[in-house]
1. So what is log10(I(q)/I(0)) for the stretch 2-115 at q = 0.13, 0.19, 0.21, 0.24 1/Å, when the Debye sum runs over its Cα atoms only?
2. Report the one residue of 29, 94, 43 whose Cα lies farthest in the direction of the positive end of the charge dipole of the stretch 2-115 (charges on C-beta: Lys and Arg +1, Asp and Glu -1; origin at the Cα centre).
3. Taking residue 9 as the anchor, which lysines have their alpha carbon closer than 18 Å to its alpha carbon, excluding any fewer than eight residues away along the same chain?
4. Taking the Cα centre of the stretch 2-115 as origin, sum charge times position over the Cβ atoms of Lys and Arg (+1) and Asp and Glu (-1), and report the length of that vector in debye to the nearest 20.
5. Going by average Cβ density within 10 Å per residue, which order do the peptides 105-113, 68-76 take, highest to lowest?
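Where a number appears in this text, it was derived from the coordinates with a stated rule and is not lab data. Source: prediction; values computed, not measured. Note: ideal-geometry Cβ built from the backbone for every residue, glycine included; neighbour counts use all protein chains shown.
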Amino acid sequence: MEMLHIREKADAIRARQRGRDIAKAIGFSVVDQTVIAYAISELALKLIAFPEKGHMTVRQISPCKGEPASGIEIRLFDHFRGPSRMNVQWMDKLADDVEMSHDQLRGTMITLRKWILSPLRMDSPNCAAGEE
């Protein structure tokens with residue numbers, strides 16, 4: 001997992017490029033790489049617009065332990081402790097899974113996950129809930 005502090009536009013560009021590099025390494029198509037880079041860029045630019053700033057993490061994920069990485073997870077941490085300033089509705093079309101949580105002590109955390117769609121394999125083990 002890589003933490004990226006977002007304070008200025010150059011940080012947003014670095015975060016976007018890092019997300020694209022990870023997506024390419026996993027095997028996402030060029031279109032999906034662009035969608036992932038766009039989502040990271042938009043989230044990072046929203047953080048820059050606020051005085052409290054924030055940070056992001058970008059990492060490879062797999063559906064089960066021991067499986068090769070087949071997805072990417074982006075987490076945004078908005079350091080603002082007031083009411084949430086983020087709207088996640090636009091992200092639903094860009095990611096396979098979107099979660100948002102907010103509390104007064106830690107601020108807002110948004111998690112996006114995007115998976116590579118692959119054909120169903122009959123030889124792969126089934127994972128129970130929580131066995132990621």
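1. -0.45, -0.95, -1.13, -1.39
2. Of the options given, the answer is 43.
3. 46, 53
4. 280 debye
5. Values: 105-113: 17.1, 68-76: 19.2.
Going from most to least packed, we get 68-76, 105-113.
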